[in-house]
1. May I have the count of lysine pairs in region 198-342 with C-alpha atoms under 19 Å apart, counting pairs 8 or more residues apart or located on different chains?
2. In nanometres, what is the gap between the two model label sites at Gln28 and Lys215, each 7 Å from Cα along Cα-to-Cβ?
3. Running Debye on the chain with equal point scatterers at the Cα sites and no solvent, what base-10 log of I(q)/I(0) appears at q = 0.09, 0.14 Å⁻¹?
4. Just the Kirkwood number for region 332-448, please: inverse of mean 1/r across all distinct Cα pairs, in Å, one decimal.
5. With a 10 Å Cβ neighbour count serving as the proxy for reagent exposure, in which order, fewest first, do Trp345, Trp206, Trp195, Trp302 appear?
6. Treating the beta-carbon of each Lys and Arg as +1 and of each Asp and Glu as -1, no other charges, what is the dipole magnitude of the chain about its Cα centre, to the nearest 20 debye?
7. Which residues does the label zone of Arg90 cover in region 307-332, counting backbone N under 14 Å from a point 7 Å along Cα→Cβ?
8. Roughly how tilted is helix 448-464, in degrees to the nearest 10 and between 0 and 90, from the longest Cα axis of the chain?
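Every number in this text was worked out from the coordinates using simple rules, so none of it is lab data. What you see is a predicted model; the values in this text were computed from it and never measured. Glycine gets a Cβ as well: all are built from the backbone with ideal geometry, and neighbour counts include every protein chain shown.
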Amino acid sequence: AEFSEPKIVTQVPGPKTKELSKRLGQYQNIDAVHFFVDYERSRGNYVVDVDGNILLDMFTQIASIPLGYNHPRLIAAMSDPKNLTSFINRPALGSYPSEDFVDRLEKSLLSVMAPPGLRHVQTAGCGTCSNENGQKAIFMAYQRRVRGHRPPTEEEKTSSLMNQLPGSPKLSFLSFKNGFHGRCMGALAMSHAKWFHKLDFPVPDWPVATFPRLKYPLDEFTRENDREEQTCLDEVRDLIAKYKRRGEPVAGVCVEPIQAEGGDNHASASFFQGLQNICKESGAYLMLDEVQTGCGVTGKFWAHEHFNLSRPADVVTFSKKMLSGGFYFTEDLKPTEGYRIYSTWIGDPSKLVLLEEVIEEVKQEKLTDNAVQVGTVLLSGLKELQDIYPQLLKNARGLGTFCAVDFPTADIRDKVVSKLRNKGALCVNTGGCGVSSLRLRPSLVLQKPHAELFLNVFNSVLSET
Ligand SMILES: Cc1ncc(COP(=O)(O)O)c(CNc2csc(C(=O)O)c2)c1O
């Protein structure tokens, strides 16, 4: 059973973590290690570190643990002999899928949880490679259209081997300031959240638009926020026109439904509807990055379902709580040749075994509705604390349990996060810098008592700050 409350027995990180960090530090950089985890003892919403500290995990590592620690459903899936082969014989999925692979896709990724209007899906390894492969599917579809769907010429094929025109076209991808889409070169070219993601890496000079900066409370600033969003959409149009003129047409636009690593920046449904219209007008494809917002945490299975888009997004990427990376796409984006979206593993069926169970649990326990109910407790609690400590907190915001609040500076936020951790509430925001937001990414199994416990600990820390 889960623990009933946190228990802190040493400073966090404790002595055992420090000893293990020293050992690990012989082999790799350990500056990002928060603490070593006792994965045997961790349960539900509580993570236990190797020093015996029991912490309420309000960020679930990197927003990447769907049903908390050691969920019985996942343990049962692992112990079921019929699943064993998926864990032992990792297939080169693009060429040697297992007999039950289509069943597993249909029961997990193509179940009722597929994004509205999308019936094609490709698994991948992580969020970065989901976005990189989504990009590639878009570049291929764009060039098929440019070629009028004729096959590529020998010149196009051979020139591409040497990174030369016409086979390696001058295309671009539009992204947004403060967006984050991953750390390999294509996704990195669209990421603009933190310097340590970017420094020292050469990337193409693609267009970067401004994401709306909304004023809160939203109902008091509707006119200003509408104007802000319109200005941002005008800039997107201008950038697409500019890059067309300079011979690097925008083939795709990549955006998160809520910019997470950039500090939980929200925009309205009409902003995203407007963005989709601009894509349609300009012939660019729209890629929605649901790596952090997906899997039910915002109160809909996919955050972009809140936006009532008039047609499906062209690509929706996922990872983290979905346990497998991958992307959904429209018929138009289906590759027309083999080995074009491909890699040795291109996904991992054992993760689909676990994802099937996550999706079953989400359906059976109505965990997306739970995210709405528990999110309401979290957000109203943050708003109350904001009223009590106006000198410390502002802009309380959220969708489902995907909540955040801003501090005056990143430094004050870091001090509060450290105090929270030493009082048993863990919400380290994955190497925060620049933005001064405290963001919450609890699991789908967070219940009201956990939310109230967190808010009490948060209140006691704020009262000492
Ligand atoms: C919206 C969005 N898109 C793509 C990614 C990349 O996913 P991974 O490659 O890390 O699985 C992420 C990963 N999130 C993330 C948070 S901190 C971090 C890091 O690498 O420092 C990564 C994401 O939030």
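1. Working: Lys242/Lys280; Lys244/Lys280; Lys280/Lys334; Lys300/Lys320; Lys300/Lys321.
So the count works out to 5.
2. 4.6 nm
3. -0.62, -1.46
4. One over the average 1/r among Cα pairs gives 17.1 Å for region 332-448.
5. Details: Trp345 14, Trp206 20, Trp195 9, Trp302 25.
The order, fewest Cβ neighbours first, is Trp195, Trp345, Trp206, Trp302.
6. Numbers: 54 positive and 55 negative charges, 139 e Å.
Using only the charged Cβ atoms, the result is roughly 660 debye.
7. 324-325
8. Between helix and principal axis, roughly 70 degrees.
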